[in-house]
Amino acid sequence: MSDSYPIPSGEVVFEEEIKHSRFVTVLFHCPSVVAFKDKLASIREAYPAATHYCQAAIMSDPSDDTALTCSDDGEPSGSAGRPMLNVLKGSGIGEVGAIVIRYFGGIELGVGGLVRAYSAGVKHALKQLPLSTKVKTLAASVCCGYAQLPDVEHYLGQFNVTIMERQFSEQVLLHLAIPVSARIALAETLQRISQGQLRLSFSSEAA
């Protein structure tokens, strides 16, 4: 499993007409169910006269089959949402949502024609989608003395660790987001520079 994956860094709208039906495909960053529902609501408001709002989304790592959704929204079963989702899964992109707005033009396309139309819209839009890279991280913490803090922060930077929060009391407690690939090497480095005093405490995978 990869330690990083591409995600959308912007939004794409692709439009085409097929046998007098207008298809508008919107691709967007979709890291959660809430983000997906909010986007769907805004699209329904922006395109109020549409016949269908077919949907698909991968709301996490593209290899995570538990964070998927799709809907045919009134089209024949299996003709829209599932084909759209299959295209998204084949792209290897995570946290991506697709909504295809259809204005029916009076000519039936048949199930096969609908599968091709909805799949093609997503494929064309994917070619234009701007991407960035998301690095998988683990939530962790480390407690150090004030004198150790400069060295600790230096090595955290060397391993591209993000300090999420600093808590100051008798010692300094750092809450961290650590790249998965750096977990072992960072733990060993902190042990080495502190003669075994500094220990990372891991909690869970960060979003």
Selection from the range 110-137 of residues that are surrounded by fewer than 22 Cβ atoms within 10 Å (Cβ to Cβ) and in contact with a helix residue (DSSP H, G or I) (Cβ under 6 Å, 6 or more places away or on another chain): Val115, Ser119, Lys123, Leu126, Lys136
Filter pass, Leu131 being under 23 Å from Lys19 (Cα atoms) and modelled with pLDDT of 95 or more: no
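Let's see how each residue does on (1) surrounded by 14 or more Cβ atoms within 10 Å (Cβ to Cβ); (2) not aliphatic (A, V, I, L, M):
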{"residue": "Phe159", "(1), (2)": "yes, yes"}
{"residue": "Thr162", "(1), (2)": "yes, yes"}
{"residue": "Ser169", "(1), (2)": "no, yes"}
{"residue": "Val172", "(1), (2)": "yes, no"}
{"residue": "His175", "(1), (2)": "yes, yes"}
{"residue": "Ile178", "(1), (2)": "yes, no"}
{"residue": "Ile184", "(1), (2)": "no, no"}
{"residue": "Gln195", "(1), (2)": "no, yes"}
{"residue": "Leu198", "(1), (2)": "yes, no"}
Hits in the range 90-109 (condition: under 16 Å from Ala57 (Cβ atoms) and surrounded by fewer than 16 Cβ atoms within 10 Å (Cβ to Cβ)): Gly90, Gly92
Matching entry among Val180, Val142, Val172 (being of a type outside the set (Lys, Arg) and touching a helix residue (DSSP H, G or I) at 6+ places or on another chain (Cβ under 6 Å)): Val172
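The values are calculated or read from the model by the stated rules, or taken from the named source; none is laboratory data. Keep in mind that this is a model prediction, so the values were computed, not measured. Note: ideal-geometry Cβ built from the backbone for every residue, glycine included; neighbour counts use all protein chains shown.
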